[in-house]
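Data first, discussion second: the structure below is written as structure tokens.
Just so it is clear, none of the values below were taken in a lab; they were calculated from the coordinates. This structure is a prediction, so every number in the text was calculated from the model and none was measured. Neighbour counts run over all protein chains shown; Cβ positions are idealised from the backbone, glycine included.
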Amino acid sequence: MNPFSSGTRLRDMIRAIRACKTAAEERAVVRKECAAIRAAISENDPDYRHRNLAKLMFIHMLGYPTHFGQMECLKLIASAGFPEKRIGYLGLMLLLDERQEVLMLVTNSLKQDLNHSNQYIVGLALCALGNICSAEMARDLAPEVERLLQTRDPNIKKKAALCSIRIIRKVPDLAENFMGPASSLLKEKHHGVLIAGVQLCTDLCKASTIALEYLRKNCTEGLVRILRDVSNSPYAPEYDIAGITDPFLHIRVLRLMRMLGQGDADSSEYMNDILAQVATKTESNKNAGNAILYECVETIMGIEATSGLRVLAINILGRFLSNRDNNIRYVALNMLMKAVTVDSQAVQRHRTTILECVKDSDASIRKRALELVFLLVNDTNVKSLTKELIDHLEVSDQEFKGDLTAKICSIVEKFSQEKLWYIDQMCKVLSLAGNHVKDDVWHALIVMISNAPDLQGYAVRSLYKAFRTSNEQESLVRVTVWCIGEYGEMLVNNVGVLEMEEPMTVTESDAVDVVEVALQHHSSDITTRAMSLVALLKLSSRFPPTSERIREIVMQHKGNVELELQQRSLEFNSIIQRHPNIKSSLVERMPVLDESAYIGKRAGSSQATLSADKSSQTTSSGPSSLKLPNGVTKPPAAPLMDLLDLSSDDAPVSTSSTTDFLHDLLGGDSISPGVAPSGGAGTDILMDLLSIGSPSAPTDVLVPNAISSKQGNAPEPKIAPAPVMDLLDGLPSREENPVYPSITAFESSTLKITFSFTKQPGNLQATVIQATFTNLSSSAYTDFIFQAAVPKILLLCNCFNALDLIVALIFKCK
Amino acid sequence: MIRAVIVMNTQGKPRLVKFYDFQPPEKQQELIRSVYGVLSERADNVSNFVEADAIFGPGTQLVYKHFATLYFVFVFDSAENELAMLDLIQVFVETLDRCFKNVCELDMVFNFNKMHMLLDEIIFGGQVLETSSEQVLKAVEEIAKLEKSSSAISLVPKSVSARFGR
């Protein structure tokens, strides 16, 4: 017999497929078989139909497309014989899904079968319905299923119950119809029906609150009784698992009790006793017992339990944690995470055990334990916890290191009360796992260091020491290089030594050595090398004797393939050689990076920011800070950079284009919280924008140097307020007065426009701008049009009086 | 609810696959492969639970048991008790054992129809239907008897009855 005719027995086909040695062979066999089946289908041959469908199902399981067999399922279902129907329904469930329209054709057959006299056929139909019915089918056939819920045959009853679950899921409106039958199911004796009934009730509660109320009123007693009966029942071999009668029923009932008792004090009280009984009586040496205990604990935490019961629950969890079985520990950690929100004190007691779990060899347990530890951290235990975690960081394996590092960094940032401790921990983390540290973490570290002037010396010395031992970690190298560049003289002159530090002498050339190593190291990437070059530039100004050596180092990169490095190398070389006079002012200490603004920016918007630059340090570091990649702030300052280039070329022009610049400056709609704080509670955006009425920065014009045109890796947008002011042609006043000085918005040989600002006393958010137009030419203006536009964040309430405008004009145009 | 039941051998070949929420066939194969990838890396003494968020979506877990050359995998979400699922796998395997008399992988390959039938008596639409192996076996035997005695048997070629007589 040809093995590939449709007469092949299923078994032979399976054998043939298994005999294939390669995937290509298997594909060939399957293809032949599918072709034969397709031929048989088109011939409409009834004999082998169900054998073909069986073959199709096998082929489907292997992963090949079998959609051509879908109509066959229908034909089989419609036939009279039981085997055909069975295969047809099975094929239906495997090969079809609820989205196919073909499914609608089955509805009629299903209806007939649901009313069949043979209970197994009814069972088949229910099974198919329960697995794949769609919403329309559910609606059509719901009455049949309801009727079947009342039959006497337990087999059908339980299937009908579970089928109803699916119906309710698809069509939640029908939930109320099933409430009554569901609660009567709970009075059954047969365990299968009971479990199905309980599941139906659980789903009803989820689907509709009316059902929840109804069940809560009527069924709580019944449930407690069921639980009591089943936990006190004698040995029943049928449902026994590991010595406990039907743990599945236990668990289901407990879960339903949780749903009913949640948020309702009365029913919770009713359940207290039985819960306590189950929690204490159940043996926990077998998995079944532990499963019940676990569910019991979850229920106790979920309802309004007494505190005694809660303590009992957490103790059970503690016992679980020290269990040697990995599964139990895993499950306990899971539960503890939920318990932390309810009663964190109790969970704290198990902290040491949880810490042990972080070091476990099982990856799933480790992850859970780490998350739990993170939730447990508070101000009192943060130091010891961090120490433990960092110790473990040393020995943990690679995939875990990433997670662990991220968690440690966020803990340290959130909970550090002293900067000294923060710096210490970050040094350790960076030296152990710097490669896994994310960029914004070490950015934050730098921001923090620059904000702590008394600790800068300590910071740079610790980093130097750390660098000597482990210079493979990229982030460590970057932070060290930056700090040495900035605070090099503190390192060499031992400025600001704290009592606990050991004395250490570092010469200038040592410092330069460090940076040179960072530069030349083969694993340093572009950012690190770029930062090193800049640091060298700074050092050459701070340590004049090393200037020549630095210049040589810098010149080594003048032919570098990377444009960035080459450019920097050449430019720095030229600065060192030919512009020694401006060099020192170029690389002066960076102004303090505003921490609150940085944090706000990180937390909030992602747009280009104006972190308010409050420092009164010289801003002639302005241009240099454009090119100094301090890596604090993230790039998208691309529009900002263009803006700054533009601004340095254009003279401030008309108001509308000014506001466009401002619009670009703010990057559109969002404005970072960092804008506000210049000098006090600035709620007035406009004033802040124009930086009027606040301590101002000096008004030197930006030198548009070629350097500023390149983006670098992290251009410095924080000096943005300076160009804004330049844009608006400087502030005449430097004193802080609440009276807002008027500004000259535009001045040319023919027209001068001045803005004066007043605020209504009751309405501080609104500013009244009075524009005065002065005609400076000798001819008269005609057809003068004034248009005002503001960026989206400001609202223009134009109530300027046209008459005033004209009057003002006339008086000036003489 | 239970999302899927997968039985595969230690080479990753699926022996029984049932998804209770719809997945297109290619996705099914992909999921099976990812599960195999996860399971093959697990050592022997670790816990039986794996978080399946990356494979099946948020909130899902899978529990697996390794018997001889087969992995039995149940995928479920947070509505199910994890330890109970572990017990359910045990029930399923015990029932298979009783049905096939010391079941082995080959039995599963050649009788996947019967296995499906058995599974349908235990898990129905993603919910647990029956947990007693006795009851399940009773139902399966009844169905088999029905098939044998059904008058349509004359059209049924030898293979089917031979299968059930096995």
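Rounded if a/c is under 1.5, else prolate if a/b is larger than b/c, else oblate: which is region A:110-197, with a ≥ b ≥ c the root eigenvalues of its Cα gyration tensor? Walk me through the numbers on the way to the answer.
Details: a/c = 1.79, a/b = 1.11, b/c = 1.62.
Because a/c hits 1.5 or more and a/b fails to exceed b/c, region A:110-197 counts as oblate.
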task = Tabulate in residue order the Karplus-calculated ³J(HN,Hα) for region A:82-91, using 6.51 cos²θ - 1.76 cosθ + 1.60 with θ = phi - 60°, rounded to whole Hz; enter x for Gly and Pro.
result = 5, x, 4, 4, 4, 5, x, 5, 4, x
query = Sorted by mean Cβ packing within 10 Å, highest first, what order do the peptides A:348-358, A:201-211 take?
reply = A:201-211, A:348-358
Residue-count net charge about A:Ala78 - beta-carbon cut-off 13 Å; Lys, Arg +1, Asp, Glu -1 = +1
Estimated distance in nm for a label pair at A:Arg147 and A:Leu375, the labels positioned 7 Å out from Cα along Cα-to-Cβ = 5.0
ask   = What's the extension gain from A:Glu562 to A:Glu25 if we count 0.36 nm per residue and subtract their Cα-Cα distance?
value = 188.1 nm
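Are any of the pairs A:Lys187/A:Lys338; A:Lys21/B:Lys13; A:Lys465/A:Lys538 more than 23 Å apart by Cα-Cα distance, and if so, which?
On the way: A:Lys187/A:Lys338 33 Å; A:Lys21/B:Lys13 14 Å; A:Lys465/A:Lys538 20 Å.
The pairs that break the limit, which is 23 Å between Cα atoms, are A:Lys187/A:Lys338.
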Within 10 Å of each Cβ in A:365-372, the average number of Cβ atoms from other chains = 1
Distance from region A:520-563 to region A:27-79 (C-alpha centre basis), Å = 73
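Decide, for region A:263-387, between rounded, prolate and oblate: order the square roots of the alpha carbon gyration tensor eigenvalues as a ≥ b ≥ c, take rounded if a/c falls under 1.5, and otherwise choose prolate if a/b is larger than b/c, else oblate. Each step should come with its number before you reach the end.
Details: a/c = 2.56, a/b = 1.43, b/c = 1.79.
Because a/c hits 1.5 or more and a/b fails to exceed b/c, region A:263-387 counts as oblate.
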task = Measure off 7 Å from each Cα along the Cα-to-Cβ vector at A:Lys414 and B:Glu41, then give the distance between these two points in nanometres to one decimal.
result = 2.7
request  = Report the label-to-label distance for A:Leu751 and A:Gln262 in nanometres (one decimal), using points 7 Å from each Cα along the Cα→Cβ vector.
outcome  = 6.7
request  = Please report, in debye to the nearest 20, how large the charge dipole of chain B is about its Cα centre when each Lys and Arg carries +1 at its beta carbon and each Asp and Glu carries -1 there.
outcome  = 840
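Sum up the charges of everything whose Cβ sits under 13 Å from the Cβ of B:Val7, counting Lys and Arg as +1 and Asp and Glu as -1, but leave B:Val7 out. Provide the component values of the computation, followed by the final result.
Numbers: positive: B:Lys13, B:Arg15, B:Lys18, B:Lys65; negative: B:Glu105, B:Asp107.
Value of the local net charge: +2.
I need the GluC sites (Glu not before Pro) found in region A:50-133, filtered to DSSP loop residues with at most 11 other beta carbons within 10 Å of theirs.
Details: sites: A:Glu72, A:Glu84, A:Glu98, A:Glu101; in loops: A:Glu98, A:Glu101.
In loop regions of region A:50-133 (DSSP not H, G, I, E or B), the sparsely surrounded GluC sites (Glu not before Pro) are A:Glu101.
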inquiry  = Between B:Glu141 and A:Ala236, what's the calculated FRET efficiency when r is the beta-carbon distance and R0 is 25 Å? Round to 0.05.
reply    = 0.70
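Going by the alpha-carbon gyration tensor, a ≥ b ≥ c the square roots of its eigenvalues, is region B:2-155 rounded (a/c under 1.5) or, if a/c is not under 1.5, prolate (a/b greater than b/c) versus oblate? Write down the numbers at each step before the final one.
Numbers: a/c = 1.72, a/b = 1.69, b/c = 1.01.
Here region B:2-155 falls in the prolate category.
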key: Residues in region A:42-77 that a label on B:Gln23 would reach, taking backbone N under 20 Å of a point 7 Å out along Cα→Cβ   = A:57-67
inquiry  = From Cα pairs below 8 angstrom and at least 6 apart in sequence, can you work out the relative contact order of chain B, rounded to a whole percent?
reply    = 21
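Evaluate E = 1/(1 + (r/R0)^6) for B:Lys13 and A:Glu472, where r is the Cβ-Cβ distance and R0 equals 41 Å; express this FRET efficiency to the nearest 0.05. List each step's numbers first, then the result.
Details: r = 44 Å, r/R0 = 1.07.
Calculated transfer efficiency: 0.40.
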ask   = Among residues other than A:Glu26 whose Cβ falls under 12 Å from its Cβ, what is the net charge (Lys/Arg +1, Asp/Glu -1)?
value = +4
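Measure up A:Lys157/B:Lys101; A:Lys407/B:Lys27; A:Lys170/A:Lys206 against 23 Å on the Cα-Cα distance and list the ones that go over. Can you show the working numbers first?
Working: A:Lys157/B:Lys101 30 Å; A:Lys407/B:Lys27 34 Å; A:Lys170/A:Lys206 13 Å.
Pairs exceeding 23 Å: A:Lys157/B:Lys101; A:Lys407/B:Lys27.
Per-residue counts of other Cβ atoms within 10 Å, averaged by peptide: what ranking do you get for A:17-26, A:261-270, A:121-130, highest first? Walk me through the numbers before you get to the answer.
Numbers: A:17-26: 11.7, A:261-270: 16.8, A:121-130: 25.9.
Order by mean packing, descending: A:121-130, A:261-270, A:17-26.
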